[in-house]
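Colleague: What follows is a structure written as structure tokens; I'll ask about it next.
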Amino acid sequence: MTTHFISAEVDLSDTAEELHSAIETELQKHGEPLRWAVTDVDVDRQKAVVEGYVLLESPIAPSPATA
Amino acid sequence: MILRPFTVVLIVPTGVGASIGGFAGDALPVARAIAQISDTLITHPNVLNGAQLYWPIPNALYVEGYALDKFAQGCWGLQPVHQNRIGLILDSGIEPDLQLRHLQAVDASRATLGLNITDYVLTDAPLNVELRMSESGASWGTIANPDSLLRAAEKLITQAKVQAIAVVARFPDDVGSLALANYRHGKGVDPLAGAEAVISHLIVRTFKIPCAHAPALLPLPLDPHLSPRSAAEEIGYTFLSCVLAGLSKAPQFVTQGTEERDADRERKHTQLITKDRVDAVVIPATACGGSAILSLSGRSTVQIIAVGDNKTQMQAPPEKLGIKALQVNSYLEAIGVLVALRSGISPASLGADISPLRCLSDSTKQI
């Protein structure tokens, strides 16, 4: 398992719930969203700037002693 | 008789330089005040953790950030408890003397506070935390060995049957850095906070049990100009006491699956707190872009209260995100709004100017 920092731009939506869904969809392209937030909003371009972490998962690896 | 408990969510996002709550548990006074006028306060470790300092708030629920996001989405419910059995994960990258300091902090919490902490696990590899700052100015970080962290948690859950997990990871001391100097002087962004959130999020996401993190650091040289907001982190050897106190009564998470399987479902339903219970959310005005606030703002019964003078590095105010919020200047004002809401009084009716009634036009023109 690894964690990755992602910065992305997402189109602003009509409602906050739609924006939430759009952000998760965008981050899922890179992995499983773990933590994110809109850090800035460009009203002219109708874009939300998002920063977050995603998880690229593999089953929990065995300990080094048993690997 | 309480017909509907008044439930408030207080959020101060971690690692974004909040001028109130961005340091050493310095939003705790806000939480204490809001708890006084709420039946239930739901907040998170960044608000309540003051290193050696903490304050037991009987009606406050200590909910880690990932779980708070899931709660706000309606995926998880919160089940209050009397006490959790806590397990401790110690990063094997911590020097032996510093490990001993943390084990003694645990012993102190058992003997002096009566907490139920039964077992600890040393990770099978150093976690190797690295710290970063993002372009927006938020702190974040990575752990090189997340699988080692998760193996330790799995061992505590399966072998010791713990119900909550405290993690202590060795963080870089970073002595002499500008970020640390600023933080100690009550300015800038907590350089550790973002990486701490990753650690607790990983465990909560994987095992769905309460978790919180305390960093292991060597004591800093004495600074006569230390900010009061940062001082709680410089009065002892560990930051662990507040985490253990918070986890001891942190609510368990009831996910859709576990709720279905629970034989005592009826009892759980009477106590379970879901997002439908939330009446108000208090948030810094520039930091409305997190998952929990976007989820909760879609509910017409939830009043979002955006506090202007809690500045952050974020540039995400409610109006730019399509969030209907009541903007106030201070937490004192927010508390006034909460009192009005709880009393069934429109906050607008307490001002000098009351806007005229709107007449909605009837587009269908039916009579």
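The values are calculated or read from the model by the stated rules, or taken from the named source; none is laboratory data. Since the structure is predicted, the reported quantities are computational estimates derived from the model, not experimental observations. In this analysis, Cβ positions are derived from the backbone assuming ideal geometry, glycine residues included, and neighbour counts consider all displayed protein chains. Accessible surface is based on the protein model in full, side chains and every heavy atom, while ligands, DNA and RNA are left aside. Shrake-Rupley method; radii C 1.70, N 1.55, O 1.52, S 1.80 Å.
Colleague: Kindly indicate which of B:Val243, B:Val175 is among the β-branched types (Val, Ile, Thr), open to solvent by less than 20 Å² (accessible area, probe 1.4 Å) and under 27 Å from B:Ser92 (Cα atoms). Break it down stepwise before answering.
Modeller: Working: B:Val175 fails: open to solvent by less than 20 Å² (accessible area, probe 1.4 Å).
Selected residue: B:Val243, the only one of B:Val243, B:Val175 that is among the β-branched types (Val, Ile, Thr), open to solvent by less than 20 Å² (accessible area, probe 1.4 Å) and under 27 Å from B:Ser92 (Cα atoms).
Colleague: Could I ask something else about it? For the range B:318-330, what are the residues that are more than 7 Å from chain A (Cβ to nearest Cβ) and open to solvent by less than 80 Å² (accessible area, probe 1.4 Å)?
Modeller: Initially, the range B:318-330 is screened for residues more than 7 Å from chain A (Cβ to nearest Cβ), giving B:318-319, B:324-330.
Scanning the range B:318-330 gives B:Pro318, B:Ala325, B:Leu326, B:Val328, B:Ser330.
Colleague: Quick check on this structure: which one of B:Gly87, B:Gly74 is crowded, with 23+ Cβ neighbours inside 10 Å and over 16 Å from the mean Cα position of the chain (by Cα)?
Modeller: Working: B:Gly74 fails: crowded, with 23+ Cβ neighbours inside 10 Å.
Result of the check over B:Gly87, B:Gly74: B:Gly87.
Colleague: So, in the range B:300-317, exactly how many residues are facing chain A (nearest Cβ under 9 Å) and surrounded by fewer than 23 Cβ atoms within 10 Å (Cβ to Cβ)?
Modeller: From the range B:300-317, those facing chain A (nearest Cβ under 9 Å) are B:313-317; that's our starting set.
Those still in the list that are surrounded by fewer than 23 Cβ atoms within 10 Å (Cβ to Cβ) too: B:313, B:315, B:317.
Residues flagged as facing chain A (nearest Cβ under 9 Å) and surrounded by fewer than 23 Cβ atoms within 10 Å (Cβ to Cβ) within the range B:300-317 amount to 3.
Colleague: Go through (1) open to solvent by 10 Å² or more (accessible area, probe 1.4 Å); (2) touching a residue at least 40 places away in the same chain (Cβ under 8 Å) for B:Arg32 and report which single condition fails.
Modeller: (2)
Colleague: Are any residues in the range B:209-241 part of a loop (DSSP other than H, G, I, E, B) and of a type in the set (A, V, I, L, M, F, W, C), and if so, which ones? Talk me through it step by step, then tell me what you get.
Modeller: Applying the first criterion (part of a loop (DSSP other than H, G, I, E, B)) to the range B:209-241 yields B:209-210, B:217-230, B:235-239.
Passing the criteria: B:Ile209, B:Leu217, B:Leu218, B:Leu220, B:Leu222, B:Leu226, B:Ile235, B:Phe239.
Colleague: Condition test on B:Asn128, is it in contact (Cβ under 8 Å) with a residue 24 or more places away in the chain and open to solvent by less than 60 Å² (accessible area, probe 1.4 Å)? Before you say what the answer is, go through the steps one by one.
Modeller: Numbers: in contact (Cβ under 8 Å) with a residue 24 or more places away in the chain: yes; open to solvent by less than 60 Å² (accessible area, probe 1.4 Å): no.
Here the answer is no, as B:Asn128 does not meet what is asked.
Colleague: Please return the ranges of strands (runs of 3 or more DSSP E) entirely within the range B:109-208 where 2 or more residues are more than 14 Å from chain A (Cβ to nearest Cβ) and either over 28 Å from B:Leu220 (Cβ atoms) or in contact with a Pro (Cβ under 9 Å, 6 or more places away or on another chain) (or both). It would help to see each step written out before you state the result.
Modeller: Details: elements: B:117-122, B:129-133, B:139-143, B:164-170.
Once the strands (runs of 3 or more DSSP E) in the range B:109-208 are filtered for at least 2 residues that are more than 14 Å from chain A (Cβ to nearest Cβ) and either over 28 Å from B:Leu220 (Cβ atoms) or in contact with a Pro (Cβ under 9 Å, 6 or more places away or on another chain) (or both), what remains is B:117-122, B:164-170.
Colleague: Could you please give the count of residues in the range B:337-346 that are open to solvent by 40 Å² or more (accessible area, probe 1.4 Å) and of a type outside the set (D, E, K, R)? Full working, then the answer.
Modeller: Looking only at the range B:337-346, we keep the residues that are open to solvent by 40 Å² or more (accessible area, probe 1.4 Å), and these are B:339, B:341-346.
Filter once more, keeping what is of a type outside the set (D, E, K, R): B:339, B:341, B:343-346.
Qualifying residue count for the region: 6.
Colleague: Pairs under 7 Å by beta carbon, first residue closer than 7 Å to B:Val281 by Cβ in the range B:295-306, partner open to solvent by 30 Å² or more (accessible area, probe 1.4 Å) and part of a helix (DSSP H, G or I), six or more apart or different chains?
Modeller: B:Leu296/B:Lys275
Colleague: Go through the residues of the range B:320-329 one by one and say whether even a single one is in a helix (DSSP H, G or I), in contact with a helix residue (DSSP H, G or I) (Cβ under 6 Å, 6 or more places away or on another chain), small (Gly, Ala, Ser) and at pLDDT 95 or above.
Modeller: For the range B:320-329, residues in a helix (DSSP H, G or I), in contact with a helix residue (DSSP H, G or I) (Cβ under 6 Å, 6 or more places away or on another chain), small (Gly, Ala, Ser) and at pLDDT 95 or above: absent.
Colleague: Right, something else. When the residues of the range A:33-58 are narrowed to those that are among the charged types (D, E, K, R) and within 8 Å of chain B (Cβ to nearest Cβ), which ends up farthest from B:Gly141 (Cα to Cα)? Before you say what the answer is, go through the steps one by one.
Modeller: Keep residues of the range A:33-58 that are among the charged types (D, E, K, R), which gives A:35, A:40, A:42, A:44-45, A:47, A:51, A:57.
Okay, now just the ones that are also within 8 Å of chain B (Cβ to nearest Cβ), so A:35, A:40, A:51.
Numbers: A:Arg35: 12, A:Asp40: 20, A:Glu51: 13 Å.
Across the range A:33-58, the extreme among qualifying residues is A:Asp40.
Colleague: List pairs: first in the range B:150-178 and farther than 29 Å from B:Gln83 by Cα, second surrounded by fewer than 17 Cβ atoms within 10 Å (Cβ to Cβ) and aliphatic (A, V, I, L, M), Cβ under 7 Å, 6+ apart or cross-chain?
Modeller: B:Asp173/B:Leu218; B:Val175/B:Leu220
Colleague: I would also like to ask the following. Out of all the residues in the range B:2-27, which are part of a loop (DSSP other than H, G, I, E, B) and touching a strand residue (DSSP E or B) at 6+ places or on another chain (Cβ under 7 Å)? Talk me through it step by step, then tell me what you get.
Modeller: Initial filter on the range B:2-27 (part of a loop (DSSP other than H, G, I, E, B)): B:2-6, B:11-27.
Passing the criteria: B:Pro5, B:Phe6, B:Ile11, B:Val12, B:Pro13, B:Gly15, B:Val16, B:Ala18, B:Ala24, B:Gly25.
Colleague: When the range B:28-43 is examined, which residues are found to be assigned to a loop (DSSP other than H, G, I, E, B) and in contact with a Ser or Thr (Cβ under 8 Å, 6 or more places away or on another chain)? Step through it out loud before you land on a result.
Modeller: First, the residues of the range B:28-43 that are assigned to a loop (DSSP other than H, G, I, E, B): B:37-39.
Correct list: B:Ser38, B:Asp39.
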